[in-house]
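Reviewing the structure listed below.
The values are calculated or read from the model by the stated rules, or taken from the named source; none is laboratory data. All values derive from a computational prediction rather than experimental measurement. Quick reminder, even Gly has a Cβ in these numbers, built from the backbone with ideal geometry, and neighbours come from all protein chains shown.
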Amino acid sequence: MNIIVPVKMVPDLVEELTIDPGGAALDTAWMRLILNEFDDHAIEQAILLKERVGGLVTVIAPEAADVDDALFTAAAKGADRLIKLTGETGSINSHALARALAAVIQTETPDLILTGVQAHNDLDGQVGPLLAESLSMPYVGYVSSVKIENRMATVKKEYPGGLLAEFMVELPAVLGIQASDEPPRYVAFTKVRQAMQATKIEEQDIGELDISGSAAVSRMFQPEVKERAEMLEGDSDAVAARLVEIMQEYGVL
Amino acid sequence: MLATELDERLSTSQVFWNSLMEMPGGEKIRQCIQCGTCTGVCPFGRWMQTTPRKIIAALRMNEFEDILASDTAWMCVSCYACAKVCPQQLPLTDGLMFRLKEELLLTGNVPTELQLALENSRRYGNPMGESPKKRSAWTEGLDPPVPVLRETRKPVDVLWFVGDFASYHPQGQQAARALVKVLRALGVNFGILGPDEVSDGDSQRMAGERGLFEWLAIRNGAHFMRSNFNQIITTDPHAYNAIKNEYPSLEINYPVQHYTEFLYERLDQLKPLLTKKISATVAYHDPCYLGRVNGVYDPPRELLKAIPGVRLVEMSHHHDSSLCCGGGGGGMWLDGFQWDQSKSRLSEWRIREVVISKTVEDFISVIGAEDKNRRKAGQPTLLPEETILAVACPYEKPRFTDATKTIEEAKTVRVMDIAELLANAM
């Protein structure tokens, strides 16, 4: 089975984010990037399927800082092929990414495409659906379990409110992965190093970007403080009395 | 060679056995007499299906697959208790158990909480996943500022390797700030690496991640090389052990002391500064990687004895029989796993020993008998009422402080780093 996993790097929230002087984007000068968590689950799901039913796993990512490390880590976990999309990837949005991916994937004749259902820097989280549309394949998102049998995928999709649905999807298909069947595995540092030596990252130029169709950011800003919590002062009796008053004011007592 | 990447002619047991024989001193493992002393002394031995004796027996019987099927080797806190008592002096902790953990790790048999700490160490240079930029944030507000060597670019006498827990854990930070006060009082010319420092990697190494350890060590080594200093001191015994015993194999060679050794050498200068009385019964906990592994037993005790008012007592496990706090060998990141397996905590066991040691010492003391009468008569006692557990490793303060909250008799026991006790006595 030919499984393709499109992934991308997103800002790492461990460091504080700053907004660039233009006021409509993040300042990328000191920003660290990390593999999108849902994409990490998509890679794990692909490798679990490969282990269960056999196949070839290809991981594709647009060029970004530290993306090589993320790709080699995927190889150390069991991915067979690594592809890096090069070109003007800095200003890529989910529509442009879906178009670029469709062009590359078209020639690969995949049986299954697994990608993270969304990323925290997405404006619309539409890479999966747009890619499925371009490739004329069915799409199911928010998937938390995948089983493959006889060219059919049985997937579980999560809905808000704790509802779970089971779908049968004919392959080839695109699935937006929310969580892999098992948590992403640990791969020892030495194995990543071995992968760096044993695996090659193929580069594919994506040519001119078509960023049309996506929402545009007009202004980016830190959350603004409007009202602060009222801190009650005084001894416990005074605080309790004031609490009762407040509850009465709001009509809850 | 990874034992699970099978050579068709050899069994898993044989491949693993051969890998042990290739380790320094590994040949000795042939001499195991199956006495079981290792299992008896192991603080978590009751809950491990894979104690050193059993592993060696399984290897001899060609049944190593059974050992690999269990994950209880992750209960091993790399405390060296087994290696210390082994009558054949086999390399059990850094040989056998290390290789087994490495094997489990390479095959992906890693508890999730440990996995996160290892991934964080690789990504951020610290196991907590904290911002690398904020590694020296604990120094904020100290006046004068603590020199960060890449900013000051001035030579110092002492490079202080602060370490992960002293840099990021609030309780470790308190001890680090106390040590600043002590070093300054002694007029020591010191500096830190700040954001250039990464984890010493020793606990990751003992959790089987040798590759990650080397990568971290090389990063630290590069910054040592760029800095101008005469010696290194560490807050953390694990960092001390790594820089002293492991970094040299990566050609990173610097004289290093644990801060207690460094201060002990300056005890004559320090003593007159310790003018404030700390009236307390103090039990000292020997950290595994300071005591059992590196034989540093006296300097911490001498520092404590130099504090006026301190009555130093020994717990039932002390010096080379000291009990691990539970944090070594990856244990710092396996609290949930250890609890699931054993429903017990080594830190709580230790805290009970603190209470017992004070009670026993009071009982056998001549003054203790008099104090009994004084207590009955409502008079102030002669022996100190306060009990303190003194520690010298930043893993220990949060672990033992948490334990005092769950042990009823230990509610009043305070856990303090030796650096804090010294700073308070100034």
### Task
Please identify the pairs in which a residue from the stretch B:122-143 that is without any contact (Cβ under 8 Å) to a residue 24 or more places away in the chain has its Cβ atom under 6 Å from the Cβ atom of a residue that is part of a helix (DSSP H, G or I), counting only partners at least 6 apart or on another chain.
B:Tyr124/B:Pro132; B:Gly129/B:Asn120
### Query
Residues of the stretch A:35-47 being outside any loop (DSSP other than H, G, I, E, B) and crowded, with 17+ Cβ neighbours inside 10 Å, which ones?
A:Leu35, A:Phe38, A:Asp39, A:Asp40, A:His41, A:Ala42, A:Ile43, A:Glu44, A:Gln45, A:Ala46, A:Ile47
### Task
Go through the stretch B:171-248 and tell me which helices (runs of 4 or more DSSP H), entirely inside it, have 2 or more residues that are within 14 Å of chain A (Cβ to nearest Cβ) and over 24 Å from B:Lys154 (Cα atoms).
B:202-206, B:210-226
### Residue count for the stretch B:88-109, restricted to those that are facing chain A (nearest Cβ under 8 Å), crowded, with 22+ Cβ neighbours inside 10 Å and free of Cβ contacts under 8 Å to residues at least 60 places away in the same chain
0
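Of all residues in the stretch B:40-50, which are of a type outside the set (A, V, I, L, M) and either modelled with pLDDT of 95 or more or over 16 Å from B:Arg99 (Cβ atoms) (or both)?
Keep residues of the stretch B:40-50 that are of a type outside the set (A, V, I, L, M), which gives B:40, B:42-47, B:49-50.
Selection gives B:Gly40, B:Cys42, B:Pro43, B:Phe44, B:Gly45, B:Arg46, B:Trp47, B:Gln49.
Yes/no per residue for (1) more than 14 Å from chain B (Cβ to nearest Cβ); (2) touching a helix residue (DSSP H, G or I) at 6+ places or on another chain (Cβ under 8 Å); (3) not in a strand (DSSP E or B):
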{"residue": "A:Leu123", "(1), (2), (3)": "yes, yes, yes"}
{"residue": "A:Leu130", "(1), (2), (3)": "yes, yes, yes"}
{"residue": "A:Glu158", "(1), (2), (3)": "yes, no, no"}
{"residue": "A:Gln197", "(1), (2), (3)": "no, no, yes"}
### Query
Among the listed residues A:Lys200, A:Lys147, which satisfies the condition of being surrounded by 13 or more Cβ atoms within 10 Å (Cβ to Cβ) and over 25 Å from A:Asn121 (Cα atoms)?
A:Lys147
#### Entry: Given (1) free of Cβ contacts under 8 Å to residues at least 60 places away in the same chain; (2) under 24 Å from B:Ser203 (Cβ atoms); (3) part of a loop (DSSP other than H, G, I, E, B); (4) not basic (Lys, Arg), index of the condition B:Asp402 fails
(3)
### Message
Restricting to the stretch B:188-210, name every residue that is closer than 17 Å to B:Glu251 by Cβ and either surrounded by fewer than 24 Cβ atoms within 10 Å (Cβ to Cβ) or hydrophobic (A, V, I, L, M, F, W, C) (or both).
### Response
B:Arg210
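Would you be able to say whether some residue in the stretch B:49-62 is in contact (Cβ under 8 Å) with a residue 60 or more places away in the chain and either within 14 Å of chain A (Cβ to nearest Cβ) or on the phi < 0 side of the Ramachandran plot (or both)? Break it down stepwise before answering.
Just the residues of the stretch B:49-62 that are in contact (Cβ under 8 Å) with a residue 60 or more places away in the chain, to begin with: none.
Within the stretch B:49-62, not a single residue is in contact (Cβ under 8 Å) with a residue 60 or more places away in the chain and either within 14 Å of chain A (Cβ to nearest Cβ) or on the phi < 0 side of the Ramachandran plot (or both).
With a cut-off of at least 2 residues that are among the charged types (D, E, K, R) and touching a residue at least 24 places away in the same chain (Cβ under 8 Å), name the helices (runs of 4 or more DSSP H) lying wholly within the stretch B:249-329.
Working: elements: B:259-264, B:267-270, B:298-305.
The helices (runs of 4 or more DSSP H) meeting that bar are B:298-305.
Is it the case, given these coordinates, that A:Pro21 is part of a loop (DSSP other than H, G, I, E, B), modelled with pLDDT of 95 or more and farther than 19 Å from A:Pro183 by Cα? Spell out how you get there, then give the answer.
Numbers: part of a loop (DSSP other than H, G, I, E, B): yes; modelled with pLDDT of 95 or more: no; farther than 19 Å from A:Pro183 by Cα: yes.
So A:Pro21 fails the test.
Just wondering, is there one or more residues in the stretch A:69-78 that are assigned to a strand (DSSP E or B) and more than 27 Å from A:Ala215 (Cβ to Cβ)? Steps first, please.
Pass one, the stretch A:69-78, residues assigned to a strand (DSSP E or B): none.
Taking every residue of the stretch A:69-78 in turn, none turns out to be assigned to a strand (DSSP E or B) and more than 27 Å from A:Ala215 (Cβ to Cβ).
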### Message
Tell me yes or no: at least one residue of the stretch A:47-55 is within 14 Å of A:Pro6 (Cα to Cα) and in contact with a helix residue (DSSP H, G or I) (Cβ under 6 Å, 6 or more places away or on another chain).
### Response
yes
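Criterion first (among the hydrophobic types (A, V, I, L, M, F, W, C), at pLDDT below 95 and closer than 18 Å to A:Gly141 by Cβ) does A:Ala98 satisfy it? Lay out the reasoning, then the answer.
Numbers: among the hydrophobic types (A, V, I, L, M, F, W, C): yes; at pLDDT below 95: yes; closer than 18 Å to A:Gly141 by Cβ: yes.
For A:Ala98, the condition - among the hydrophobic types (A, V, I, L, M, F, W, C), at pLDDT below 95 and closer than 18 Å to A:Gly141 by Cβ - is met.
Filter the stretch A:96-121 down to the residues that are part of a loop (DSSP other than H, G, I, E, B) and in contact (Cβ under 8 Å) with a residue 40 or more places away in the chain and list them by number.
Taking the stretch A:96-121 and keeping what is part of a loop (DSSP other than H, G, I, E, B), we get A:107-111, A:117-121.
Correct list: A:Glu108, A:Thr109, A:Pro110, A:Asp111, A:Val117, A:Gln118, A:Ala119, A:His120, A:Asn121.
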### Message
Go through the stretch B:228-263 and report how many residues are surrounded by 20 or more Cβ atoms within 10 Å (Cβ to Cβ) and small (Gly, Ala, Ser).
### Response
2
### Query
Of everything in the stretch A:164-182 that's of a type outside the set (Ser, Thr, Tyr) and within 14 Å of chain B (Cβ to nearest Cβ), which residue is farthest from A:Asp111 (Cα to Cα)?
A:Glu182
## Note on the structure
In the stretch B:115-170, anything of a type in the set (Phe, Trp, Tyr) and more than 14 Å from chain A (Cβ to nearest Cβ) is listed as B:Trp138, B:Trp160, B:Phe161, B:Phe165
### Query
Is there a residue in the stretch A:228-249 that is surrounded by fewer than 11 Cβ atoms within 10 Å (Cβ to Cβ) and in contact (Cβ under 8 Å) with a residue 40 or more places away in the chain?
no
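Of the residues A:Arg185, A:Arg193, only one is of a type outside the set (Ser, Thr, Tyr), within 14 Å of chain B (Cβ to nearest Cβ), part of a loop (DSSP other than H, G, I, E, B) and surrounded by 13 or more Cβ atoms within 10 Å (Cβ to Cβ); which? Steps first, please.
On the way: A:Arg193 fails: part of a loop (DSSP other than H, G, I, E, B).
Every option except A:Arg185 fails the conditions.
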